[in-house]
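The values are calculated or read from the model by the stated rules, or taken from the named source; none is laboratory data. Just so you know, these numbers come straight off a predicted model, no measurement behind them. Here the Cβ is made from the backbone with ideal geometry for all residues, glycine too, and neighbour counts use every protein chain on show.
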Protein chains: 2
Amino acid sequence: MDIRAYLRERKTLIDAFLESYFSAPVNPKTLHNSMLYSLHAGGKRIRPILCLAAYEACVKDSTAKIEDIIPYAAALEFIHTYSLIHDDLPAMDNDDLRRGKPTNHKVFGEGMAILAGDGLLTEAFYLLSNNTQYGYHLSHSAVLRVIREIAIAAGAHGMVGGQAQDLLSEDAEPDAETLSFIHTHKTAALITVSVRSGGILADCSDYELSGLTKYGENIGLAFQVIDDILDVEGETEVIGKPRGSDEKKKKMTYPKLYGIEKSKERAKELINAAINSLETFDEKAEPLRAIAMYMLERKS
Amino acid sequence: MDIRAYLRERKTLIDAFLESYFSAPVNPKTLHNSMLYSLHAGGKRIRPILCLAAYEACVKDSTAKIEDIIPYAAALEFIHTYSLIHDDLPAMDNDDLRRGKPTNHKVFGEGMAILAGDGLLTEAFYLLSNNTQYGYHLSHSAVLRVIREIAIAAGAHGMVGGQAQDLLSEDAEPDAETLSFIHTHKTAALITVSVRSGGILADCSDYELSGLTKYGENIGLAFQVIDDILDVEGETEVIGKPRGSDEKKKKMTYPKLYGIEKSKERAKELINAAINSLETFDEKAEPLRAIAMYMLERKS
């Protein structure tokens, strides 16, 4: 399959939803602009795309359309965007650039950036719970399960915990256990739940969900290892931030602990494990497999 | 009724739930401690208490117990606590003291305080969606409605929007419209939804919900007007922060715009309107009425 065309097409779908989203403008206008600034700052929409792809891989109802679950997929992008705004703050990673643009607090100030993040996180749960409005019929218990799983993955037992450990580990000597904790929680948890959510909304079997979970955990870890590699080897213009910024901030990274070659090997192993975990899935899981392969090639 | 005894008893119930809550500790430990520090910093638990009281005023099922909805009530306290942590940050109100104790970022640093707030907000949605675990049976559609309403009231169209306007209005000339926007969104929205949530979980009628909503809006506004008055007239040791801190921060407040006497009159009018909105409710709404009366007497 043409994975680039697929990703482009799916990104267009998600972007169209996000662009029409705040039709009832948020007051005050500055908050509105601050939230939209980061939401439309050129994200790859990988988490929503994974959610849609997992849904397609599992759904049996022939009348089901991916349009039905776009609000749920988009909620994952709201959460991802909020996490980037807060991570970039001076009290956290103190980044001036994100995807080649000034970070949110550089444009709107720290207070407004904190509130924009708070607003996006809360809006995600509105999107997830607003299933009466989109005119489709998913089971309430599946929706509640998705909300619960996303709250766990995004919260203190997941992404927020990973970010806290990351914050505490700057300047610390790298160690394998801490690095694994940070990667698993900060990045892999939200990616895994993105995949699982698609499966749960498609009413997949426990066996399928177990395969999706292994897939998600493996690509989630691979995603972070590749991010770390790109920070060492990527082109500043392509990655959208200065190369070597992890090193400069004394971040604990995979290349720092294991070296660049071992890191590349590890990324390949993880991607292979992800693909293997889908071996009982049929051709409807082809996009999930192709996304995993594509991760090894990504430059930004 | 003895409202002080009632409030004490209800606070004890909520506190017991909150204290046993993080039995699976959050990692890293510093994040755990930072979240618990503010959760246990002496809040009055007024939002959860309102939720329980509205539930009791409306519930018809004689086997229903308020214990059934404590997790939902507690979620409102998680959201309130997160909002205080973020409001106190240097980039926002820059407060050193809250309820007589150093603010979260003074103890744990700004980055950890931001994350503790993020963690509490996210955990609230876990609590709200985790209805399979507590062994009771509320309708899934009522639970989803409560999640949706809380997300609206707490988010950019509610509390976060109010805080953003508050931030933008420091140093600005006071005007009635802006002040009303700030009070309605920053404080009254979450208080109103606390009351509504109790009603919705009790499967109340639309007519009852409309009464509860008017009650919530009026006590929500009264609560903020009284807060503004206490900042001018309260005792530092009782209000837990230096008197006059709104004035010092050039906050737009009710007494600043209308004077202290007019503000006291307005608080009384609002409390009366709240009580009047419950006139068709029977004696089960007595706690709601007594809470409204009590607000006029509060000193902190």
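One table, with the values for the structure above:
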| quantity | calculated |
| --- | --- |
| Test for A:A124: is it surrounded by 24 or more Cβ atoms within 10 Å (Cβ to Cβ) and in contact with a Ser or Thr (Cβ under 8 Å, 6 or more places away or on another chain) | no |
| Selection count, the range B:202-222, where residues are part of a helix (DSSP H, G or I) and either modelled with pLDDT under 95 or polar (S, T, N, Q) (or both) | 3 |
| Residue within the range A:205-215 that is within 22 Å of A:I85 (Cβ to Cβ), surrounded by fewer than 24 Cβ atoms within 10 Å (Cβ to Cβ) and among the hydrophobic types (A, V, I, L, M, F, W, C) present | no |
| Boolean, A:S141 is facing another protein chain (nearest Cβ under 9 Å), surrounded by 22 or more Cβ atoms within 10 Å (Cβ to Cβ) and more than 27 Å from B:K29 (Cβ to Cβ) | no |
| Subset of the range B:158-179 [farther than 13 Å from B:V193 by Cα, assigned to a helix (DSSP H, G or I) and more than 7 Å from every other protein chain (Cβ to nearest Cβ)] | B:G162, B:D166, B:S169, B:A176, B:E177, B:T178, B:L179 |
| Check on B:T122, facing chain A (nearest Cβ under 8 Å), hydroxyl-bearing (S, T, Y) and within 17 Å of B:I79 (Cα to Cα) | yes |
| Subset of the range B:84-104 (residues that are in contact with a helix residue (DSSP H, G or I) (Cβ under 6 Å, 6 or more places away or on another chain), crowded, with 23+ Cβ neighbours inside 10 Å and more than 8 Å from chain A (Cβ to nearest Cβ)) | B:I85, B:T103, B:N104 |
| Filtered residues of the range B:4-43 (kept if more than 14 Å from chain A (Cβ to nearest Cβ) and surrounded by fewer than 16 Cβ atoms within 10 Å (Cβ to Cβ)) | B:R4, B:A5, B:R8, B:E9, B:T12, B:A16, B:E19, B:S20, B:H40, B:G42 |
| Test: residue in the range A:47-67 that is of a type in the set (V, I, T), under 23 Å from B:F125 (Cβ atoms) and surrounded by fewer than 24 Cβ atoms within 10 Å (Cβ to Cβ) | no |
| Helices (runs of 4 or more DSSP H) contained in the range A:57-157 and holding at least 1 residues within 20 Å of B:A164 (Cβ to Cβ) | A:70-88, A:104-108, A:110-129 |
| Residues located in the range A:245-300, provided they are over 24 Å from A:A5 (Cβ atoms) and assigned to a loop (DSSP other than H, G, I, E, B) | A:K249, A:K250, A:K251, A:M252, A:T253, A:G259, A:S277, A:E279, A:T280 |
| Residue match in the range B:69-77 (condition: buried (at least 24 other Cβ atoms within 10 Å of the Cβ) and within 12 Å of chain A (Cβ to nearest Cβ)) | yes |
